């Protein structure tokens with residue numbers, strides 16, 4: 001898993017040179033939440049922040065519902081550890097849920113780490129519906145990987161001479177829509193899966209304290225929006241969003257995609273012709289205007305309209321900033337661009353209030 005290079009909120013993104021995290025040392029009873037970086041659409045579940053020496057969980061292997069009609073679809077369910085800033089040691093252990101072109105579903109046990117360039121190392125097979133458990137424990141020389149399928153009795157217990165002496169400060173319980181390897185911004189086809197139920201969550205031998213701010217939404221290319229439920233009794237479910245939350249996430253993803261393209265264009269702004277600069281800015285203004293229209297069409301209950309109205313008003317201000325910037329000549333060293341950049345950076349604050357109202361983890 002690789003952290004992104006954009007700071008995106010629903011939904012505008014601005015390029016940042018690095019992710020800035022607010023981190024302090026903690027234990028499983030008092031975890032620290034970092035400043036939020038780029039949302040990574042590949043993953044749905046929870047993250048815990050603090051020095052990690054052990055992580056574990058159990059889950060019921062998700063079932064692929066459309067295997068016969070799928071073509072080369074892929075998902076994975078896993079636990080893992082890594083530094084919040086990215087890089088080694090990253091190590092994960094879990095299961096793969098795959099459909100080949102033959103339409104036959106396969107469920108396999110895997111591990112991966114930075115030394116194998118994130119490629120899954122398959123060590124066995126499981127079946128849909130099996131209850132499995134996974135554990136990663138730090139040792140003096142690396143990490144010990146333990147996996148058990150409680151139905152078949154399959155066990156994998158092996159030390160890895162990797163990451164010894166390095167202390168990761170992020171623990172993860174995730175359902176993933178894998179990327180295609182050559183382009184980390186592009187997911188593979190995601191199958192129709194049953195909900196993913198994690199339980200018996202432990203970090204450093206204790207149940208972690210996790211709340212909405214630790215959660216992350218999986219937005220797959222096939223339109224699936226996987227939202228983690230609140231954590232109760234050390235368990236949660238990654239399940240399909242419904243109703244207003246689903247509509248909101250779908251609209252948000254469309255605007256974030258447009259904003260990412262806009263951010264990429266800004267990184268090479270001086271290489272674009274004047275005409276292309278204007279077209280790029282106009283395209284982003286149109287995308288923001290369309291998102292405002294879609295937000296206004298959402299059937300938001302009267303009691304929830306405060307955060308909704310604040311987000312619409314802020315996006316309206318960003319739209320006005322874009323028009324003013326276009327009118328002034330789309331230069332990056334202008335007061336109109338500074339105003340636009342400031343309002344873009346403030347958007348997460350308004351978006352996350354709306355997401356909290358809908359029970360969706362923040363960006």
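A single member of 53, 76, 69 is at pLDDT 95 or above, assigned by TED's automatic domain parsing to the domain that holds residue 179 and more than 21 Å from the chain's Cα centre (by Cα), and it is 53. Is it the case that residue 245 is more than 14 Å from the chain's Cα centre (by Cα), in a helix (DSSP H, G or I) and under 30 Å from residue 81 (Cβ atoms)? For residue 245, the condition - more than 14 Å from the chain's Cα centre (by Cα), in a helix (DSSP H, G or I) and under 30 Å from residue 81 (Cβ atoms) - is met. When every residue of the stretch 87-94 is checked against the conditions, at least one turns out to be surrounded by fewer than 16 Cβ atoms within 10 Å (Cβ to Cβ), touching a residue at least 24 places away in the same chain (Cβ under 8 Å) and farther than 22 Å from residue 237 by Cβ.
The values are calculated or read from the model by the stated rules, or taken from the named source; none is laboratory data. Here the structure is a predicted model, which is why all the values come from computation and not from measurement. Here the Cβ is made from the backbone with ideal geometry for all residues, glycine too, and neighbour counts use every protein chain on show.
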